[in-house]
1. Which FRET efficiency value, to the nearest 0.05, is calculated for residue 44 and residue 13 with the Förster distance at 22 angstrom and r the Cβ-Cβ distance?
2. Separation between the residue 88 and residue 32 pseudo-spin-labels, each 7 Å from Cα along Cα→Cβ, expressed in nm?
3. Mind ranking 140-152, 29-41, 195-207 by how tightly packed they are, going by the mean number of other C-beta atoms within 10 angstrom, highest first?
4. In the structure shown, do any of 87/190; 26/202; 28/202; 104/196 have a Cα-Cα gap over 32 Å, and if so which?
5. First select every other residue whose beta carbon is under 11 angstrom from the beta carbon of residue 128; then total the charges, Lys and Arg +1, Asp and Glu -1.
6. Net charge near residue 104, counting Lys/Arg +1 and Asp/Glu -1 over other residues with Cβ under 13 Å of its Cβ?
7. Using a Förster distance of 35 Å, how high is the FRET efficiency between residue 78 and residue 24, based on the Cβ-Cβ distance and rounded to 0.05?
Amino acid sequence: MMIDTIQQSLISEGLQEARQLVQTMKQKALKLTNTDLLKRIVELEDMLRNIDDVNNISTEAVHIEKCSLKALIDTAYQMYHLYFSRKDIRFSSYVANLQIKVDKMSFFRMFFSLVHYMGKHAHPDEERFISIEAAAYNSQTIAMYIEDNGVYPTSNTDIFDQSFKRRITGAISGVGLAAIQQWAHSVGGKVCPVDKVGSGLKLCFLLPGTASPHLREQPLGEARLPLQGASVIC
């Protein structure tokens with residue numbers, strides 16, 4: 001699963017670079033009015049689109065079930081710990097005693113898509129981290145916060161618009177926030193940006209689930225304080 005997802009991400013990045021190169025070739029061919037070359041370039045563009053369609057990671061949940069959130073995060077961390085090590089990112093989580101209703105496979109794909117997205121913007125100078133905290137939002141919803149201290153290109157416009165095209169400018173292509181938003185919708189939840197102090201990104205996943213007094217769970221990685229109040233923008 002880890003290898004497949006990493007390969008899919010790397011292929012997406014490679015396709016993006018290939019498309020940029022093809023566009024440069026197309027501009028030169030137009031200047032030369034070389035119709036034969038233009039025809040071949042159009043065929044190459046179609047081929048790249050087909051590869052992208054085949055490589056696309058589906059965000060539709062196929063088997064929603066009730067799962068321990070900590071068990072999911074622990075498993076995801078074990079699957080991708082080499083990625084965190086290679087990127088020199090400190091990962092920690094504190095999720096209390098919680099159960100969420102998700103499709104396991106799509107959760108793991110979402111998890112890697114998000115940490116890969118964050119890893120591309122890891123802080124170049126400070127100690128890098130990605131942390132997860134979660135608590136009951138109400139009787140039927142779990143709030144899961146994911147935060148990092150990455151360096152993202154930002155705009156002076158609204159923090160987010162409805163299609164997740166602002167706040168992070170020039171960084172939506174490839175594995176990005178739009179796919180994460182689609183995943184949350186597919187399991188009956190949503191994603192909201194959260195105001196935070198300092199650099200980085202903080203997202204709140206509101207997911208169907210409940211607190212469970214029968215679970216006895218400990219933090220993964222560094223222990224973190226229980227969640228404090230945060231300003232969520234939906």
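Read-outs: derived from the displayed coordinates by stated rules, not from any lab. All of these numbers come straight from a predicted model, not from anything done at the bench. Cβ sites come from the backbone with ideal geometry, for glycine too, and all protein chains shown count toward neighbours.
1. 0.75
2. Modelled inter-label distance: 4.4 nm.
3. 140-152, 195-207, 29-41
4. 26/202; 28/202
5. -3
6. Summing Lys/Arg as +1 and Asp/Glu as -1 gives 0.
7. Once the sixth-power term is evaluated, E becomes 0.25.
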